[in-house]
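A short worksheet on the structure shown next.
Every number in this text was worked out from the coordinates using simple rules, so none of it is lab data. Treat the numbers as computed from the prediction; the structure is a model and nothing was measured. When we count neighbours, we look across all protein chains shown, and the Cβ atoms used for this are built from the backbone with ideal geometry, even at glycine.
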């Protein structure tokens, strides 16, 4: 039996190796085709089409959004410093803020029976990816004695990257994060008030806290005594 296994170990191993290499090449080709191959019509002209798409569920609660107009600049130097160019672009941007409800468990909900107060120790609000809408640019100004095609492409890429980074930085500023937490507090309060009302606690107060705000002193001040899951279990 062992001799039989050894006899086929070589051919089987080679076949598996060929299979793995083939799968890797197929995946590589699919990615290359998605990212670099230009889709064309029968006459050879390029077309606008969706190359790849994906839809997925989410358990994040959108609580607010930041929007506005951003000005982004970039410079490019070529030809041993003789060809200098720059570009200024203005375009709208937006950033959404979310609370990941998957990170909220029974241990994060506490109940004060005396004051009929539910305390929600929520995960922090998180900004999503900044969306810079380059199709709605209101200003594009390019300066330079001679701007090559490569320089123009590089300027466009840098302007986009700078705008993305600046919008992300603005969304994460302490002022904007504080405002997003206020919206998150209101959204979670409404979300938690609905089941409380259905359970007969319509007059209950909901206090939502986020990690930067929580401290032992606050917890003592609220005098929390009973986990909410025990309260609801007893109610049922």
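Computed from the Cβ-Cβ distance with R0 of 22 Å, the FRET efficiency linking residue 31 to residue 133 stands at 0.25.
Exposure proxy for 119, 18, 70: other Cβ atoms within 10 Å of each Cβ, ordered fewest to most, give 18, 70, 119.
Given in Å, the Rg to one decimal and the Dmax to the nearest whole number for the Cα atoms of region 60-235 are 24.1, 79. Peptides 105-115, 155-165 ordered by packing proxy, namely the average of other Cβ atoms within 10 Å per residue, highest first: 155-165, 105-115. Sorted fewest first by neighbouring Cβ atoms within 10 angstrom, 97, 32, 201 come out as 32, 201, 97.
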